[in-house]
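Have a look at the structure below, then the notes.
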Amino acid sequence: MSRLLIIGCGGVAQVAIAKCCQNSDVFTEICIASRTKSKCDDVAAKLKDTTKTKITTAQIDAEDVPALTALIKEYKPDAVLNVALPYQDLTIMDACLEAGVHYIDTANYEPEDTDDPAWRKIYEARCKEAGFSAYFDYSWQWAYEDKFKNAGLTALLGTGFDPGVTSVFAAYAKKHYFDTIDTIDILDCNGGDHGYAFATNFNPEINLREVSAPGSYWEDGHWVEIPAMSIKREYNFDQVGMKDMYLLHHEEIEALAKNMPEVKRIRFFMTFGQSYLDHMRCLEDVGMLSTTPIKFQGQEIVPIQFLKALLPDPATLGPRTKGKTNIGCIFTGKKDGKEKKIYIYNVCDHEECYKEVGSQAISYTTGVPAMIGSMMVVSGLWNKPGVFTTDQFDPDPYMEALNKWGLPWVVEENPVLVD
């Protein structure tokens, strides 16, 4: 019996909303709030006759802390689920603190304006201190630890699939399969085909910035940074087949390295086809991935935001996308003095996702864990004061919920390792 305020109404948000409505015993009421209220109204109208959950909607600017605070105080939710843009994480966290409610998100903070001098100064110092140069990192949100702890509130960061489920897989492996974990390889494979020459499976602005950044991995207590897309491997994914994958920087590496310091190496790989990479490199070469504003016909535009407006909306890819995703983690380590290796993964079918909630599998595999993480918090199963990632709680109820709510997982013993 809980009330959840959901901020955002994009592809991931719509999956999370649909799954909350399926889980009406827990989420008895939800409020969908976004800058464009008509989108919220449309989603509510589609779902209202299919659920016992009471759905209301609201218009909100997620960067307006006073307005956010007022909305939260008026609605009185048990928690706020942030499925808006990562740029807005901090303002929503500020509003949750001011209003006294728990906070949940799916991706860590990154700035919209990477040329802002104040942010740039902090960023450049972090690059030197930490050893990686990605624009996104947990330091900004971890800085809220004392504020949430003193307020007696929980902030759950990164409850998507990766980050999110992958970190729960790590906690589960540590609890049930290993005495010590030596290496973690996180593999994200999308074997889907949407039929477009070029499109991104989630927010283009976030996706393209992430993929074009230098790669990095954690090894022997420090970061190793490499040029973007410079480490390539092949892997044969269950129900998908052989795919090329590339080493990227990804936020759960940072959290797992902090919370599981005994792990000697943590890497993240994502699959890409050659056509995607060719398009991305061309766009980067001509400046279309830049976040620096330019003047065009008397107006100031940000190139990557203009590109986002030209590309297909990820929320519209569902009816076109066929194939499957396979996302999981390969672990090596020791149990009872013996070497051990396992692979925990989920396979998700794009077409089945569309049949269920009108979404492709990329949004589905993020939106379902967003609902599950929210359920963990509002039910009190994951509820302690402070700022946490998903690997810092008991993984068992989360893993059970994955099986129940559409993301069943497999544990494979003695998998093929990535060199």
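The values are calculated or read from the model by the stated rules, or taken from the named source; none is laboratory data. In this text, all values refer to a predicted model and were calculated from it rather than measured experimentally. Cβ atoms come from the backbone with ideal geometry, glycine included; neighbour counts cover every protein chain shown. Accessible surface is based on the protein model in full, side chains and every heavy atom, while ligands, DNA and RNA are left aside. Shrake-Rupley method; radii C 1.70, N 1.55, O 1.52, S 1.80 Å.
Here the chain carries DSSP beta bridges of which approximately 60% are antiparallel, counting only pairs with both residues inside. I'd like the distance between the alpha-carbon centres of segment 323-354 and segment 360-419, rounded to an integer number of Å. Measuring centre to centre over Cα atoms gives 13 Å. Surface analysis of the chain yields an accessible area of 41 Å² per residue, using protein heavy atoms and a 1.4 Å probe. Just subtract the alpha-carbon distance of residue 236 and residue 316 from 0.36 nm times their residue separation and send over the number in nm, one decimal. The residue 236-residue 316 span can extend by a further 25.9 nm. Apolar share of the accessible surface for segment 239-345: 53 percent from carbon plus sulfur atoms, 1.4 Å probe.
Across the chain, the relative contact order, built from alpha-carbon pairs under 8 Å that are at least six residues apart, equals 20 percent. Of 97, 53, 403, whose Cα points farthest to the positive end of the dipole of the chain (charges on the beta-carbon: +1 Lys, Arg; -1 Asp, Glu; origin at the Cα centre)? Looking along the dipole axis, the top candidate is 53.
When the C-alpha to C-alpha distance is required to be over 21 Å, the pairs from 175/334; 243/264; 19/46; 175/243; 39/324; 175/340 that qualify are 243/264; 175/243; 39/324. Excluding same-chain neighbours fewer than eight residues apart, the lysines reachable from residue 121 by a Cα-Cα span under 24 Å are 147, 258. In order along segment 45-56, phi translates into HN-Hα couplings of 5, 5, 9, 4, 8, 10, 9, 7, 5, 7, 10, 10 Hz, rounded to whole numbers, per the Karplus curve 6.51 cos²θ - 1.76 cosθ + 1.60 with θ = phi - 60° and x for Gly and Pro.
A Stokes-Einstein calculation at 25 °C with viscosity 0.890 mPa s, built on the Kirkwood radius of segment 2-157 over Cα pairs, returns a diffusion coefficient of 150 µm²/s. Derived from the Cα gyration tensor, the three semi-axes of the equivalent ellipsoid of the chain are 29, 26, 23 Å, largest first. Diffusion coefficient of segment 236-393 by Stokes-Einstein, Kirkwood radius over Cα pairs, 37 °C, 0.692 mPa s: 168 µm²/s. Under the simplified labelling scheme, the residue 292-residue 67 pair shows an inter-label distance of 3.1 nm, with each label point 7 Å from Cα along Cα→Cβ. Cα centroid separation, segment 18-41 to segment 274-308: 34 Å. What the phi angles of segment 239-244 give under the Karplus curve with 6.51, -1.76 and 1.60, with θ = phi - 60°, is a coupling list of 6, 10, x, 6, 9, 7 Hz, glycine and proline written as x. Each residue of segment 144-157 was assigned a 3J(HN,Hα) from its phi angle through the Karplus curve 6.51 cos²θ - 1.76 cosθ + 1.60 (θ = phi - 60°); the sequence is 8, 3, 5, 4, 6, 5, 5, 7, x, 10, 9, 10, 9, 9 Hz, with glycine and proline shown as x.
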